1. So how far apart, in nm, are the two label points at residue A:52 and residue B:7 if each is 7 Å from Cα heading toward Cβ?
2. Separation of region B:250-267 and region A:55-74 by C-alpha centroid, Å?
3. Can you sort B:136, A:179, A:31 so the residue with the fewest Cβ neighbours within 10 Å comes first?
4. Given a Förster radius of 56 Å and the C-beta distance between residue A:25 and residue A:185 as r, what FRET efficiency does 1/(1 + (r/R0)^6) yield to the nearest 0.05?
5. So, in Å, what gap is there between the alpha-carbon centers of region A:100-139 and region B:154-181?
6. Compute the FRET efficiency between residue B:94 and residue A:261 as 1/(1 + (r/R0)^6), taking r as their Cβ-Cβ distance and R0 = 30 Å, and round to the nearest 0.05.
7. With the contact rule set at Cα under 8 Å and sequence spacing of 6 or more, what percent relative contact order holds for chain B?
8. At a 10 Å Cβ-Cβ cut-off, how would you order B:138, A:229, fewest neighbours first?
């Protein structure tokens, strides 16, 4: 961009900034609102003030949520389920995605498109039968049940993303390895798999965040409070608008700030993975 | 393609296939099976085959058509705003602005936030007396307060606002990616020809980003149509009096609050068929478009 050109565009540039600031404020405001509420002292829960930092701001709600509510139990439960789903999902998607990327076999098209087709199902179409089945075999109110349900929803997307990424890795590398006497399995594990590290990270993160932030399935499968995940726990606090609102806000901040940072750092890759998987049909 | 023993790809696929069969395909078939039975809380084990009974009930109820209308309204309004706001911001961001990375980071925050937290927080902000939305309306703009969560109309508008808020960054990021791939020479040539901003958008930008935007819009439409969590949490499961439901949230409620399993299963099948029809229609119209370009 050359200097005279920028000068010519000045009114437009100013307008751009005005618009961007306006929209940024609209996106930021609800997030700031959580911060504000989390800092409220307990005598100001019925506040009609619009100040961003409330009068007599205190960190008391953070203490309450951490030590006087079941927050840490919810966090442990969420971590447990999310880790299980991530490990399981990545293992399955990295192998299946590889097969779809590197080989053509009878059922290739049908298999690949059936992964896509699952995106069309309304969630209830899986949730309800899974619920009925789990009720029949006693998997309700177990982490296993929850992990199974999450794997079912995350797997198709993960396979699709992994395949898209493998497609970008030159096949010549493995062909050379095969000529040098490598078996097909070690061509995969020693050559392609390490090269796919970024996609593995994205798939892992996607599976993890999916399980970490899921509410409606958890609500159906988990009833016992001791097994509550973070979304269930925080929702139970938010339900008591009057008394627990500050504690809810404090808990939400603790939960979503790390996730948001990760997301902002990694979203470029997430989007490119999506584009790769989607465009190369 | 790699050559290998014929069984090798299947061996790689086996674990994923087994899991998909067990937790996706089997439940789906089971859902179809349930749709033709009369399973409910009272007939949990002794349910029987009733043929198309559930579908007949559903299709003769006016509720289905009202819900379909609401689903369509919900989807159209949301996707329209997602695309309009996302595309608009992407075009502005792609222009000569300083601090682009900074704005971009701020603007994708709603996407980064877990949806349930967005929904619950907005629900608090929609509180009639103490919520920030009404306080801003009455104090700063001197407008009357809006009964966001108690009036059936506004209680449906509220989740739409929330969903627009959390959904536009996806379209913005997709559009930004597409915009950055447009070769600069095209704009330079247009400048030489004396084209104005609108001409450039209409004749260069729009046709160049359409191939990327179309799949994103299709995907966004399906996601929005099937999105339950925003409405469920903002309107507290359809309050007031189950009047803010779209099809999928209603199914969720019927299944897990009223325990009408087979009815819900049949309803899911109808929603699936609607979506399938929609996608096939779009793909058939999009195919010649691709062939042309």
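1. Placing both labels 7 Å along Cα→Cβ, they lie 6.5 nm apart.
2. 37
3. In order of increasing Cβ crowding within 10 Å: A:179, B:136, A:31.
4. 0.55
5. Answer, in whole Å: 28.
6. 0.75
7. 27
8. B:138, A:229
None of the figures in this text is laboratory data; all of them are computed from the coordinates on show. These figures come from a predicted structure and were not determined experimentally. We place every Cβ from the backbone using ideal geometry, glycine too, and count neighbours over all the protein chains shown.
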